[in-house]
Structure formats: C-alpha cells, structure tokens
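Asker: I'd like to ask some things about the structure below.
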Amino acid sequence: MVKPYLGNSKHTIEIIKKYEFVFQKKFGQNFLIDTHVLDRIFDAAKICEDDFVLEIGPGIGTLTQYLASSARKVVAVEIDGALIPILKDTLRDYSNVEVIHSDILKIDLKELIREQNQGRAIKVVANLPYYITTPILMELLEKRISITSITVMVQKEVAKRMCQGPGSKDYGALSLAVQYYSEPSVVANVPPNCFLPRPKVGSAVIQLKIHEKPPVDTVDVHLMFQLIRASFNQRRKTLVNGLLNSPELFLKKEDIHIALEKCGLPVDIRGEKLNLSQFAKLSDIFVEQLSQKK
Ligand code: SAM
C-alpha cells in the first residue's frame with residue numbers, strides 16, 4: 001500500500017487540472033490541502049487495523065488515503081459524479097476502499113453496517129460539506145447507528161455550538177442533541193488557507209465520542225427533543241410561551257406551570273437556562289400528566 005501522497009496544494013492542483021475538475025459550490029467543496037491538519041484528524045480518530053471507517057464526501061480522496069493506510073476497510077460516500085473517476089485513480093492502490101456514488105442522506109447506514117461490518121460499531125471521519133452538517137450529524141446520532149466516534153471538520157461556529165451549556169449565546173437544540181448522544185470536544189481550529197478553495201468562515205475539527213448510555217434517563221426521548229426544539233425556536237420568549245406556540249406540542253398553560261413548579265423552576269424562565277437533566281425531568285412530568293388524564 002502506498003503512503004498518502006495527496007494533501008498539499010501542488011498535488012491537489014495537479015489532479016484538478018488533469019481531470020479539468022470544476023468545484024461545485026452547491027456541494028460544499030473545500031478540499032483539504034494541509035498535511036498538518038490531515039495528521040490531526042487522523043491522529044484524533046485513532047484508526048487501527050480492525051476499524052471500519054465511513055467517510056462522508058471524499059472529494060479527490062485526500063483524507064481517504066490517510067484512513068485507508070491504517071483501517072481494515074473504508075467506505076467513502078461521494079455525491080458528485082465528476083469525482084468518481086478521480087477517486088478511482090487516486091485510490092487505485094488502496095484495495096480496502098469502496099467508493100459509493102450517492103447522497104449520504106439517502107443511504108441506509110444501518111443496513112450498510114449490518115452487511116459490511118456485521119453490525120459492529122464503526123468510526124465516522126470526514127471533512128463535512130458545511131451546507132448539510134447538522135442533518136448529517138443528526139442522522140448519525142438520532143438513528144442510533146452503531147458508531148464509536150465521529151471525527152469531523154465543521155464550521156468553527158457550529159463546533160462551538162455543539163460544546164456549549166446553559167448561559168452561552170451559542171447554546172441551543174444542537175448542543176443538547178449532541179451532548180445527549182455523545183461527548184464533544186474540539187480537536188483543532190483550522191483557518192481558511194488550509195482548504196482549496198478557501199471557505200469564507202473558520203473551521204474546526206470536532207470529535208464526538210458516542211455514549212454507550214445517555215447521560216440522563218427520560219421516559220420519552222422524542223417528547224424531550226420536542227420540548228427542546230420548542231424552547232429554542234423562540235429564544236427570546238419564556239419557556240411557557242415557547243411550549244404554547246409549538247406546532248408539535250399541545251400542552252395547556254396550567255399544566256406547564258405545574259410542571260415547572262415541580263421542577264423547581266420559575267414560570268418566567270427561558271428555555272436557554274435549562275440543562276439536559278432539567279429538560280429530561282420536565283419531559284417526564286408531562287408524560288406523567290398525560291398518563292393521569294387517560
Ligand atoms: N474530503 C475531501 C477533502 O477533505 O478534501 C472533500 C471535503 S469537501 C468539504 C465535502 C465533500 O462532500 C465534497 O467532495 C462534496 O462533493 C461531498 N458532498 C457534498 N454533499 C454530499 C452528500 N449529500 N453526500 C455525499 N457527499 C457529499
């Protein structure tokens with residue numbers, strides 16, 4: 001197996017010229033051209049010879065070469081048909097890579113893992129297309145796909161949001177979802193000059209270590225996330241108004257007041273002040289109220 005040789009601007013430009021590749025803005029194409037950053041991602045993901053790795057959006061195969069040099073198997077899903085012949089070329093010496101030409105959001109990942117890794121946990125590593133970072137991460141987390149860790153490049157702001165707690169302006173529904181399913185940590189901040197073309201925003205590599213068991217217990221996870229979404233949809237409103245205005249929830253004002261009192265929270269509190277265990281407790285109280293009404 002050859003050593004990864006892409007990952008700098010000279011080789012990336014050579015490949016792009018050879019294939020007359022045209023960058024597609026709509027696919028969020030910003031290719032990595034910095035070997036230090038690639039090393040940081042690779043080191044953080046701790047890929048070993050038994051690992052099955054899913055890469056989302058391999059581009060010309062830069063990160064894929066790194067992953068394939070250590071993993072047992074890499075499956076790389078790329079939406080842009082123009083990159084498929086390029087990947088065939090750049091990955092020809094890596095027999096443990098399979099490229100799938102598809103939209104990642106249209107793939108049945110549970111089935112893929114069952115078929116290709118006997119259902120055993122995989123690692124996800126990617127320089128994500130920024131226009132669909134949140135849908136991709138939510139798909140990976142909410143569907144309870146068997147994953148040990150997700151190590152991905154995202155917009156710096158998004159990485160910040162994932163790690164925040166109550167009291168920060170960046171705290172929101174994404175922070176709570178990510179923290180319910182995983183333990184996030186920022187691995188590296190990455191400036192625009194590490195990509196071709198340069199993105200307008202700063203980036204960060206974030207790692208999500210998936211919890212074996214969520215940090216809070218709650219009877220109805222779906223309801224808890226409905227409450228969370230409703231609370232942050234109207235950040236400037238009180239929690240009571242946020243819940244009353246939600247098209248997903250049909251709660252009565254007096255029931256919300258009773259629930260808040262049971263949680264020891266004032267009726268004029270805003271949703272952004274609550275932590276994950278408080279949302280879990282609130283959700284359980286609503287479940288109890290509903291069961292008493294049946
Ligand atoms: N991994 C490469 C690198 O680091 O140089 C490219 C990363 S680039 C930020 C994002 C990649 O995701 C592009 O190759 C793009 O075509 C691909 N992509 C965009 N949307 C996608 C989708 N829905 N499914 C699969 N791949 C997608």
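Computed from the coordinates by the stated procedures, all read-outs in this text should not be read as laboratory data. The shown structure was predicted, so the numbers you read here are calculated from the model rather than taken from an experiment. Here the Cβ positions follow ideal geometry from the backbone for every residue, glycine too, while neighbour counts run over all protein chains shown.
Asker: If I fit a long axis through the Cα atoms of helix 253-262 and take the longest principal axis of the Cα atoms of the chain, what angle between them do I get, 0 to 90°, rounded to 10?
Answerer: 80
Asker: Still on this model: May I ask you to list the lysines whose Cα is less than 21 Å away from that of residue 26, ignoring any residue fewer than eight positions away on the same chain?
Answerer: Those lysines meeting the cut-off are 17, 106, 156, 200.
Asker: What is region 33-144 by shape, rounded, prolate or oblate, if you read a ≥ b ≥ c off the alpha carbon gyration tensor as root eigenvalues and call it rounded for a/c under 1.5, prolate for a/b larger than b/c, and oblate otherwise? Write down the numbers at each step before the final one.
Answerer: Numbers: a/c = 1.26, a/b = 1.15, b/c = 1.09.
Note, shape of region 33-144 comes out rounded.
Asker: For the chain, take the longest principal axis of its alpha carbons; what is the angle in degrees between that and the long axis of helix 276-293, to the nearest 10 within 0 to 90?
Answerer: Once rounded, the angle reads 50 degrees.
Asker: Compare the Cα positions of 166, 130, 152 along the charge dipole of region 110-178 (+1 at Cβ of Lys, Arg; -1 at Cβ of Asp, Glu; about the Cα centre) and return the one farthest towards the positive end.
Answerer: With unit charges placed on the Cβ atoms, the residue in question is 166.
Asker: Can you put 194, 48 in order, fewest other beta carbons within 10 Å first?
Answerer: By the 10 Å Cβ count, ascending, the order reads 48, 194.
Asker: Taking 8 Å as the Cα distance limit and 6 or more residues as the minimum spacing, I'd like the relative contact order of the chain as a percentage.
Answerer: Details: 502 pairs, mean separation 43.2, N = 294.
About 15 percent, as a whole number.
Asker: Express the relative contact order of region 82-219 as a whole percentage, based on alpha carbon pairs under 8 Å and six or more residues apart in sequence. Display every interim value, and only then the final one.
Answerer: Numbers: 171 pairs, mean separation 28.4, N = 138.
Relative contact order comes out at 21 percent.
Asker: Continuing with the same structure: Go through 274-281, 11-18, 147-154 and give me the packing order, highest mean Cβ count within 10 Å leading.
Answerer: Details: 274-281: 19.5, 11-18: 14.0, 147-154: 23.2.
The packing order, highest mean first, is 147-154, 274-281, 11-18.
Asker: Report, in cubic angstrom per residue, the convex hull volume of the C-alpha atoms of the chain. Walk me through the intermediate numbers first.
Answerer: Numbers: hull volume 40.0 nm³, N = 294.
Roughly 136 Å³ of hull volume per residue.
Asker: Run the reach check for residue 3 against lysines, Cα to Cα strictly under 18 Å, same-chain hits fewer than 8 apart removed. What comes back?
Answerer: Partners found: 46, 73, 88.
Asker: Which residue, 176, 54, 260, has the most motion in a Gaussian network model of the chain that connects Cα atoms within less than 10 Å?
Answerer: 260
Asker: Let me spell out the model: positive unit charges on the Cβ of Lys and Arg, negative unit charges on the Cβ of Asp and Glu, origin at the Cα centre of region 25-98. What dipole size does that give, in debye rounded to 20?
Answerer: With Lys and Arg at +1 and Asp and Glu at -1, about 220 debye.
Asker: Ignoring everything except DSSP H segments at least 4 long, calculate the 222 nm mean residue ellipticity for the chain; use -39,500 (n - 2.57) per segment, divide by total residues, nearest 500. Don't skip to the answer; put the middle values down first.
Answerer: Values: 12 runs with 118 residues, N = 294.
Dividing the helical sum by the residues of the chain leaves -11500 deg cm²/dmol.
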